[in-house]
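Take a look at the structure below.
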Amino acid sequence: MHRLARAGGTAELLRWLAGRAEGWAGIVGPDGTVLHAAARTAGAMVPDVAGLVAESANALVERGVQAYSVDTGEHTALLFPLSVSSPGGGDPAAPVLAVVTPRRVAAGLSTLLADVVLPLSLCLQAETLERKRRRVDLAESRGREAVLHLLMTGQLSIAQQVAGALRPRLPDPVRVCVVECSGDGRDEVARVCVDADGGRSWIVRCPVYARHLILIMPAGDAEDAEDAGEKAPEPGAAPTDEAVAARVGDCVVGVSEPVPLADTATGYRQAFHALAVARELPTRHARFGVSPDPALVVGPAGRRWADELLNPLLTHVPRRAQDPGSQELLATATSWLAFSSHATDHLKVHRNTLAARLRFIGDLLGLDLHRLADQAALDLALRVRATPAPACTPEAPSSAPPVPYASGTSTAADGLDAILCRPAVRDWAGRQLAPVLGDQRLAPVPGAEETLRTWLRCEGRLGPAAAELGISVPGARKRLTRLETVLQRSLLRPPSARYDLWLALRSRDLAAARQ
């Protein structure tokens with residue numbers, strides 16, 4: 001009996017009891033609701049158990065007995081209250097063990113049932129506590145996911161308010177770390193992460209990728225941790241991301257540069273790109289080390305362009321109370337540009353709802369969001385808006401005639417070309433494309449530019465790009481996987497670097513056209 005309780009819990013005990021009674025065994029609520037049940041055979045004929053228990057529950061309480069039986073002629077129902085805290089059996093809310101056996105009742109069955117009450121009660125209580133623990137864990141996980149969503153959409157103050165009830169506190173500045181686990185090992189890796197850094201990191205189970213953990217780690221040192229009242233890492237200890245990669249043999253880790261907490265979305269993109277590089281490294285660990293975000297080099301002119309492009313969305317007032325407002329539409333656009341179709345998991349909305357919102361956003365902004373050029377323009381505008389201040393100083397306007405926007409693009413994004421012609425943007429584009437095009441320090445990768453341009457020209461779709469290149473789809477995927485390692489950016493899985501690469505190639509082509 002105790003072996004079954006340890007190995008299988010309530011279900012195994014009831015199955016065993018049903019076999020010993022040659023009938024039916026179950027746990028029933030005081031109102032007659034069957035909570036758990038097992039029968040000796042699937043087609044075992046038993047009377048109305050719920051009715052029997054409902055009639056007998058009051059008698060159990062009124063008489064204060066520890067057992068009660070009901071004889072129906074062909075069957076006998078034996079009832080025992082499952083309450084270890086009420087020896088007299090007087091708890092009206094206690095569930096009841098009910099066993100229905102054919103007449104005559106086997107010798108010793110009543111004694112057996114009296115003996116099983118205690119282990120069955122403990123199993124039931126343990127399982128109830130486990131269900132409550134899982135609900136608490138789920139509530140905490142959803143709370144952390146909500147905080148991450150607020151950080152990713154730039155709602156810093158609300159995120160800090162929601163995070164106030166959870167631990168640890170949100171650090172600032174941070175490094176964002178993405179850990180890719182194998183199989184169902186995400187919970188175990190999360191425990192390793194907590195042990196590796198003493199619980200200083202904010203750990204979130206990724207709502208989009210089932211095998212990813214997202215860590216928002218303090219970018220400060222041990223002294224900062226002590227000042228904040230947190231447990232500091234051991235002197236000489238490896239950074240958390242490196243320790244996790246070393247201790248978990250089948251995980252892959254990508255880490256961002258130090259960023260302000262308000263730029264968590266940027267840190268996540270950097271960590272995701274680093275993850276694509278880490279998959280190809282024997283250490284299974286990489287830190288982001290590419291040129292800065294394009295939002296930092298567009299200057300005040302870029303900020304004015306972004307404000308003008310986004311103004312219809314920022315000032316949108318919904319006609320009905322149930323329609324999404326400006327903030328919700330901005331979050332939808334940001335999530336979709338980052339996660340593509342996986343935005344439904346991130347936003348917790350139906351795919352039809354996402355499609356309807358995207359159509360509305362495109363109409364509102366005058367953009368065709370099916371085209372990569374307009375997606376890149378919107379992505380840059382949203383990132384510029386999320387950046388506190390541009391890093392570049394104003395420039396004198398160029399006297400050269402403007403270069404037309406890419407053929408077929410909407411007029412709403414025409415001003416983007418002027419931004420891409422800025423010297424700072426051209427320098428950024430050169431650093432982005434150097435591994436592909438080659439410069440004085442780096443040798444070009446054969447076929448890389450043709451593959452990249454074809455893939456972007458085909459709107460980032462693998463099948464059409466493979467057909468235009470004259471190779472198979474697996475061959476095209478292999479080329480792009482090699483490019484991920486060369487560029488140190490993710491291309492095939494969102495968040496993808498395709499927007500940045502489109503902007504960089506467009507900037508380079510504009511510069512070439514002006515010469």
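The values are calculated or read from the model by the stated rules, or taken from the named source; none is laboratory data. Source: prediction; values computed, not measured. For neighbour counting, all protein chains shown are included, and Cβ atoms are generated from backbone atoms with ideal geometry for every residue, glycine included. Keep in mind that these areas ignore ligands, DNA and RNA; they rest on the heavy atoms of the full protein, side chains included. Shrake-Rupley method; radii C 1.70, N 1.55, O 1.52, S 1.80 Å.
Which pairs do you get when a residue that is within 12 Å of CYS251 (Cβ to Cβ) and polar (S, T, N, Q), found in the stretch 274-288, comes within reach of a residue that is open to solvent by 10 Å² or more (accessible area, probe 1.4 Å) and in a helix (DSSP H, G or I), reach meaning Cβ atoms under 9 angstrom, with the pair 6+ apart or on two chains?
Correct list of pairs: THR283/GLU242; THR283/ALA246.
Among the listed residues SER335, SER256, identify the single one that is among the small types (Gly, Ala, Ser), touching a strand residue (DSSP E or B) at 6+ places or on another chain (Cβ under 9 Å) and surrounded by 15 or more Cβ atoms within 10 Å (Cβ to Cβ).
Numbers: SER335 fails: touching a strand residue (DSSP E or B) at 6+ places or on another chain (Cβ under 9 Å).
So the residue among SER335, SER256 that is among the small types (Gly, Ala, Ser), touching a strand residue (DSSP E or B) at 6+ places or on another chain (Cβ under 9 Å) and surrounded by 15 or more Cβ atoms within 10 Å (Cβ to Cβ) is SER256.
Could you give me the residue pairs with C-beta distances under 8 Å whose first residue belongs to the stretch 28-46 and is at pLDDT 80 or above, whose second residue is assigned to a loop (DSSP other than H, G, I, E, B) wherever it lies, and which are 6+ apart or on separate chains?
VAL28/PRO95; LEU35/GLY29; LEU35/PRO95; ALA39/GLY23; ALA39/VAL46
Output the qualifying pairs, or none if there are none: Cβ atoms under 7 angstrom, residues six or more apart or on different chains, first residue in the stretch 448-468 and under 22 Å from SER341 (Cα atoms), second residue basic (Lys, Arg) and assigned to a loop (DSSP other than H, G, I, E, B).
Going by the 7 Å Cβ cut-off, the qualifying pairs are GLU459/ARG371.
Where residues in the stretch 291-323 are of a type in the set (S, T, N, Q) and open to solvent by 70 Å² or more (accessible area, probe 1.4 Å), which of them is nearest to the chain's Cα centre (by Cα)?
Step one: filter the stretch 291-323 for residues of a type in the set (S, T, N, Q), giving 291, 311, 315, 322.
Then drop every residue that is not open to solvent by 70 Å² or more (accessible area, probe 1.4 Å), which leaves 311, 315, 322.
On the way: ASN311: 30, THR315: 30, GLN322: 26 Å.
Ranking the candidates gives GLN322 first.
Answer yes or no as to whether ALA139 is closer than 30 Å to LEU329 by Cβ, open to solvent by 70 Å² or more (accessible area, probe 1.4 Å) and of a type in the set (A, V, I, L, M, F, W, C).
no
Can you tell me which residues in the stretch 63-104 are in a loop (DSSP other than H, G, I, E, B), surrounded by 17 or more Cβ atoms within 10 Å (Cβ to Cβ) and at pLDDT 80 or above?
LEU82, PRO95
Do the conditions hold for ALA262, that is, is it of a type in the set (Gly, Ala, Ser) and touching a Gly at 6+ places or on another chain (Cβ under 8 Å)? Break it down stepwise before answering.
Working: of a type in the set (Gly, Ala, Ser): yes; touching a Gly at 6+ places or on another chain (Cβ under 8 Å): yes.
It is true that ALA262 is of a type in the set (Gly, Ala, Ser) and touching a Gly at 6+ places or on another chain (Cβ under 8 Å).
Would you pick out the residues in the stretch 454-470 that are farther than 13 Å from LEU491 by Cα and either open to solvent by 20 Å² or more (accessible area, probe 1.4 Å) or aliphatic (A, V, I, L, M) (or both)? Reasoning before the result, please.
Step one: filter the stretch 454-470 for residues farther than 13 Å from LEU491 by Cα, giving 454, 457-458, 463-470.
Those that are farther than 13 Å from LEU491 by Cα and either open to solvent by 20 Å² or more (accessible area, probe 1.4 Å) or aliphatic (A, V, I, L, M) (or both): ARG457, GLY463, PRO464, ALA465, ALA466, ALA467, GLU468, LEU469, GLY470.
I need the full set of residues from the stretch 150-191 which are in contact (Cβ under 8 Å) with a residue 40 or more places away in the chain, assigned to a helix (DSSP H, G or I) and crowded, with 19+ Cβ neighbours inside 10 Å, in order please.
Listed by number, the residues that qualify are LEU151, MET152, VAL189.
Being touching a residue at least 60 places away in the same chain (Cβ under 8 Å) and either open to solvent by 20 Å² or more (accessible area, probe 1.4 Å) or not hydrophobic (A, V, I, L, M, F, W, C) (or both) narrows it down to one of ARG351, ARG357, ARG383, so name that one. Walk me through it before giving the result.
On the way: ARG351 fails: touching a residue at least 60 places away in the same chain (Cβ under 8 Å); ARG357 fails: touching a residue at least 60 places away in the same chain (Cβ under 8 Å).
The unique qualifying residue is ARG383.
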